[in-house]
Structures are given as C-alpha cells and as structure tokens.
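The values are calculated or read from the model by the stated rules, or taken from the named source; none is laboratory data. Just so you know, these numbers come straight off a predicted model, no measurement behind them. Neighbour counts are summed over all protein chains in view; Cβ atoms, including those assigned to glycine, are modelled from backbone coordinates with ideal geometry. The protein model used for the area step is the full one, side chains on, heavy atoms only, and it has no ligands, DNA or RNA in it. Shrake-Rupley method; radii C 1.70, N 1.55, O 1.52, S 1.80 Å.
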Amino acid sequence: MARVLVVDDAVFMRMTIRKMIEPEGYEVAGEAGNGVEAVQRYMDIQPDVVLLDITMPEMNGIDALKRIKEFDPKAKVIMCSAMGQQVMVAQAIQSGAKDFVVKPFEKDRVLAAIKRVLG
C-alpha cells in the first residue's frame, strides 16, 4: 500500500483527497497545511508520494518542492493547482514535480497521476 502525504492549506481539500484515494487502497500517511509543515512531515514520514498544493501560506508549494527534492532527490511529488496557474505548474515541473492535477479535483485524474508517478 502506497503512503501519501497530502498538503493543502484548506482542510476540506485534504479531506476531499483522502476520500478519493483511501477507498482505492492508498494510505494517507500524513497531512500538512503549509509548505513549512510539508517539508517537515516529508522528512518525518518519507511517504511514497506527495500531493502538494502550490498556493499556501508560510512557504508556497514550489519552495516546499525544492526543499523536499534537496532532502530526497528521488521524491515523487504531484503538484496541485487551480486553473490559470500554468506558469507556476511549469516552474514546479522544472523543479522536479512528476505530475500535476488541477482543482477542482477529478477523482480519476488524481488516481491516474498517483498510479503513473508510482510506476
């Protein structure tokens, strides 16, 4: 069972992702509400994959992605963004993100991204 770290500043978005992926056999090993927490939680639990929001307080998802990749160059990170954030998505991919999903989330797209990133 793959362990997933879910990072979003909105609690309801984290719950939405949890409800999408847990019935499919994925374990939500941890959650974080900002980039600083995301980096710390990644270091603590070293999940198989991270779903990481781009726009968050304290540290945005791009900076958190860079820190996670410094800690673990093999980290598998899927960025989450709202429509209209193509520039940020491009930055995320250049910084090492493996995929991205657009909000509002479609369950099939989220699951396909996780499956693809995990190989």
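Taken as a whole, the condition of being closer than 17 Å to ALA2 by Cβ and outside any helix (DSSP H, G or I) applies to ILE78. Of all residues in region 31-45, which are over 17 Å from VAL110 (Cα atoms) and under 13 Å from the mean Cα position of the chain (by Cα)? Within region 31-45, ALA32, GLY33, ASN34, GLY35, GLU37, ALA38, VAL39, ARG41, TYR42 meet the criteria.
Of everything in region 63-88 that is at pLDDT below 95 and more than 16 Å from VAL117 (Cα to Cα), the residue that is least open to solvent (accessible area, probe 1.4 Å) is SER81.
When you go through (1) within 17 Å of ARG116 (Cβ to Cβ); (2) touching a residue at least 24 places away in the same chain (Cβ under 8 Å) one by one for ASP99, which number turns out not to apply? Going through the list (1) within 17 Å of ARG116 (Cβ to Cβ); (2) touching a residue at least 24 places away in the same chain (Cβ under 8 Å), ASP99 breaks only (2). Considering each residue of region 91-111, count those that are open to solvent by less than 50 Å² (accessible area, probe 1.4 Å) and in a helix (DSSP H, G or I), and give that number. Of the residues in region 91-111, 3 are open to solvent by less than 50 Å² (accessible area, probe 1.4 Å) and in a helix (DSSP H, G or I). Checking region 15-31 against the condition returns no match, with no residue being crowded, with 19+ Cβ neighbours inside 10 Å, aromatic (Phe, Trp, Tyr) and at pLDDT below 95. The set of residues in region 32-62 being small (Gly, Ala, Ser), outside any strand (DSSP E or B) and buried (at least 21 other Cβ atoms within 10 Å of the Cβ) consists of GLY35, ALA38, GLY61.
Report whether or not PRO73 is out of contact with any strand residue (DSSP E or B) (no Cβ under 8 Å at 6 or more places or on another chain), free of Cβ contacts under 8 Å to residues at least 24 places away in the same chain and part of a helix (DSSP H, G or I).
On the way: out of contact with any strand residue (DSSP E or B) (no Cβ under 8 Å at 6 or more places or on another chain): yes; free of Cβ contacts under 8 Å to residues at least 24 places away in the same chain: yes; part of a helix (DSSP H, G or I): no.
Spelling it out, it is not the case that PRO73 is out of contact with any strand residue (DSSP E or B) (no Cβ under 8 Å at 6 or more places or on another chain), free of Cβ contacts under 8 Å to residues at least 24 places away in the same chain and part of a helix (DSSP H, G or I).
Within region 8-27, being touching a residue at least 60 places away in the same chain (Cβ under 8 Å) and either within 21 Å of VAL39 (Cα to Cα) or charged (D, E, K, R) (or both) holds for ASP8, MET13, ILE17, GLU24, TYR26.
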